[in-house]
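**Student:** Here it is, the structure in full.
The values are calculated or read from the model by the stated rules, or taken from the named source; none is laboratory data. Since the structure is predicted, the reported quantities are computational estimates derived from the model, not experimental observations. With ideal geometry, Cβ positions are generated from the backbone for all residues, glycine too; neighbour counts draw on all protein chains shown. Heavy atoms of the whole protein, side chains included, go into the accessibility calculation; ligands, DNA and RNA do not. Shrake-Rupley method; radii C 1.70, N 1.55, O 1.52, S 1.80 Å.
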Amino acid sequence: MGIGRRRILFVISAPSGTGKTTICERILQKIPDLKMSVSHTTRKQRPGERHGIDYYFVDKETFQEMIKNEDFVEWAEVYGNFYGTSKKVINELLSGGSDILLDIDTQGAKNIKKLYPASVLIFILPPSIKELERRLKKRNEEEETIRKRIEKASEEISQYIFYDYVIINDDLERAVSEVFCVICAERLKKDRINGKLMDKFKNGR
Ligand code: 5GP
């Protein structure tokens, strides 16, 4: 018998190149009743990315219109592009009975925590800035992009204090199982139980 509990928003943030996307993919394979929130973005679609699966790719005018209509739970400008979590996406996932995984930046994470204090913020760290630089170079990113991302990484890392959990990705398998453990433990917290637990154990039920 399962105990009814409130749905949870899990937020994962990490500097670009930390391996966050791979970690999220692995976690979604391991935990079926956890669904990824698909964000809207004005950034250009990269090869292999699918509209509606990786992102909803929209133009700036559409994004601005959505801001005006208050369609976003949160939105932010990251590397000159706009990214936002839509209320519709979140509400649909919540009413479908899933917990939600959000891959968003540190500004978005702070806003989610303000709006949903029971959300869980997980920060993934690279083993070092040197290692991060090596990983970004391996991705064949341009020098200027690497420089910008490294600069932003130090700024982002300083935001770890707002997070509930900090995990270092120096070993992918271990980082995945640590995120897995956080999700399992958070799901078992007594504060998340819906209604009165004792009612289920009264009158021989
Ligand atoms: P990328 O362009 O590499 O997919 O993502 C760039 C950054 O934008 C990442 O840090 C990612 O977590 C963040 N991001 C993606 N979607 C959202 C969103 O809906 N809101 C916010 N605040 N950040 C987002």
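**Student:** Test Ser37 against the criterion of being in contact (Cβ under 8 Å) with a residue 40 or more places away in the chain, among the small types (Gly, Ala, Ser), within 15 Å of the ligand (Cβ to nearest atom) and closer than 20 Å to Glu186 by Cα, and give yes or no.
**Tutor:** So Ser37 passes the test.
**Student:** Ile100: within 12 Å of the chain's Cα centre (by Cα) and not in a strand (DSSP E or B), yes or no?
**Tutor:** no
**Student:** If I ask for residues that are assigned to a helix (DSSP H, G or I) and closer than 14 Å to Gly19 by Cβ, which ones from the stretch 135-148 would you list?
**Tutor:** The answer is Arg135, Leu136, Lys138.
**Student:** Since Thr18 meets every condition but one in (1) within 15 Å of the chain's Cα centre (by Cα); (2) in a helix (DSSP H, G or I), which condition does it not meet?
**Tutor:** With respect to (1) within 15 Å of the chain's Cα centre (by Cα); (2) in a helix (DSSP H, G or I), Thr18 is out only on (2).
**Student:** Let me ask something else about it. Filter the stretch 6-22 down to the residues that are of a type outside the set (Ser, Thr, Tyr) and over 25 Å from Asn91 (Cα atoms) and list them by number.
**Tutor:** Scanning the stretch 6-22 gives Pro15, Gly17, Gly19.
**Student:** From Lys68, Lys35, which residue is modelled with pLDDT of 95 or more, under 28 Å from Asp164 (Cα atoms) and open to solvent by 40 Å² or more (accessible area, probe 1.4 Å)?
**Tutor:** Step by step, each of Lys68, Lys35 is checked, and only Lys35 is modelled with pLDDT of 95 or more, under 28 Å from Asp164 (Cα atoms) and open to solvent by 40 Å² or more (accessible area, probe 1.4 Å).
**Student:** Yes or no: the stretch 11-18 includes at least one residue that is within 13 Å of the ligand (Cβ to nearest atom), at pLDDT 95 or above and either touching a Pro at 6+ places or on another chain (Cβ under 9 Å) or open to solvent by 20 Å² or more (accessible area, probe 1.4 Å) (or both).
**Tutor:** yes
**Student:** Something else about it: In the stretch 52-85, how many are more than 7 Å from the ligand (Cβ to nearest atom), in contact with a helix residue (DSSP H, G or I) (Cβ under 7 Å, 6 or more places away or on another chain) and not charged (D, E, K, R)?
**Tutor:** 3
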